[in-house]
Ligand SMILES: *Cc1c(COP(=O)(O)O)cnc(C)c1O
């Protein structure tokens, strides 16, 4: 059954809110600003509440089910993050306020910059970008600016492994670079020979995800970094997979020059429909002058002006050769509060435990499924995610998509599928550290049960989902013909 549109609930003269009599003088408005009809639904408050609450229940969310969407790190978002973001001093602060009156907010952003730099071994962080892809674009512009500043204008190529997330080539192309794809070797690493062949003085850099999207730690990462540096290129780290590395390895110390973080993945701020993201960018010392501003710093000399509590003054600054602003104001501040809270609640030991448990959980799933669902890199330990294949012995017609859809009947959000592109029928599973062994067992049991169904009654799997409010959608049409506006007559 399809939920009615809110317009279909409309009944003439029904009201959701009654406005009080005005207690200020009333004025006639210019006639040109007035109109007689406004096609809004006329509904009561209870109709609206029930309508949108029901719609929200159609969604699978991290608050209702395991959401093992590989590479996206859909972990539980602790409620204390929300409590902190709602503190009036944070929620009501205005970006155009005199920074002297917003010192608490600047202090928080300064600390977050420092924490992120410390966690991944970089020199300076800008909190400006609003998402991972936006952070990539920012970081690549910083790399270009660095080369140009040195008069090295021929560097227009970006090398990107074939297992990369689609945003990597997209961001590089948007920044005006030519993308060169590098193959992976049989163990899921970047192919070193292909890398060497492509390195020359036209390379801007290498854009690499580590652990990569096969869930594999690059076994030759130090050599890879050295080869790129020796050729005069820079190394960009896609930090979307930092969930495997917290407190264990620091990309900046491995030699990466730039990296973005996805606060909405690793640092438990809401994702997608749950709100705006945040994709801070970190750089090594030699790139700091090119970062977008404003960035928070301790006001030079203010250590001497500090108040009785010994607190210095914080101020905004924009680096000398900055690529400019990447976003209005100072980034998605509400997300900074949530990520800061997450880091403070966990501390150093806690963050290391996050990654250890994320990796343990993924390996547990790998060990339990790999005899049924082929895992191309199954002879290695995976990091925070495992890439299996929806290709089952004895069920030639059943595909990864069918298995993903059938999982919804078992009340699990499907894993990422058909990505990475290098693995046919990929099912990319990232359980995250926030799941218990009981939940992981239920999920694996569901996967194994589906494998049995695929052999005995493939039609059941191929026509899934059966228990959801909507069945299989025309995904291409849903993406190409977006209906963003709720009207009874969409043409109106
Ligand atoms: C999610 C992701 C991105 C893009 O991040 P967004 O915040 O979704 O823009 C880039 N690379 C990898 C590996 C990712 O998982």
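Read the figures in this text as sums done on the coordinates, not as results from a lab. Keep in mind that this is a model prediction, so the values were computed, not measured. Note that each Cβ is placed from the backbone with ideal geometry, even for glycine, and that neighbours are counted across all protein chains shown.
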From Cα pairs below 8 angstrom and at least 6 apart in sequence, can you work out the relative contact order of the stretch 1-58, rounded to a whole percent? 55 percent
Suppose R0 equals 56 Å. What FRET efficiency, 1/(1 + (r/R0)^6) with r the Cβ-Cβ distance, do residue 367 and residue 18 give to the nearest 0.05? 0.40
What nm distance separates the two modelled labels at residue 475 and residue 29, each placed 7 Å from Cα along Cα→Cβ? 4.5 nm
Using the Kirkwood radius over Cα pairs, work out the Stokes-Einstein diffusion coefficient for the stretch 80-343 at 20 °C and 1.002 mPa s, in µm²/s as a whole number. 113 µm²/s
Alpha carbons only, please: Rg and Dmax for the stretch 1-58, in angstrom. 15.9, 50
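Out of the DSSP beta bridges found with both residues in the chain, what percent are antiparallel (nearest 5)? All intermediate terms of the calculation are to be shown ahead of the outcome.
Numbers: 19 of 35 bridges.
Antiparallel bridges make up about 55 percent of those DSSP assigns within the chain.
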Can you compute the equivalent ellipsoid semi-axes for the chain, i.e. the square root of 5 times each eigenvalue of the Cα gyration tensor, sorted largest first and rounded to whole Å? 38, 36, 22
Sorted on mean Cβ neighbours within 10 Å (highest first), peptides 176-189, 211-224, 463-476, 132-145 come out as 132-145, 211-224, 176-189, 463-476
Out of every Cα pair in the stretch 9-142, what percent are spaced more than 21 Å from each other? 73 percent
How far apart, in nanometres, would the label points at residue 484 and residue 179 be if each is projected 7 angstrom from Cα along the Cα-to-Cβ direction? 2.3 nm
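How much length is gained on full extension from residue 197 to residue 94, taking 0.36 nm per residue of separation minus their Cα-Cα distance? Intermediate values should be presented prior to the final figure.
On the way: separation 103, 0.36 × 103 = 37.08 nm, distance 5.18 nm.
So the extension gain works out to 31.9 nm.
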Length-normalised contact order for the chain - Cα pairs under 8 Å, 6+ apart - percent: 19 percent
Let me see the P(r) profile for the stretch 335-492: every Cα-Cα distance counted, bins of 5 Å, each bin given as a percent of all pairs. 1, 8, 14, 17, 16, 13, 11, 9, 6, 3, 1, 0
Share, in percent, of DSSP beta bridges within the stretch 80-343 that are antiparallel, nearest 5: 40 percent
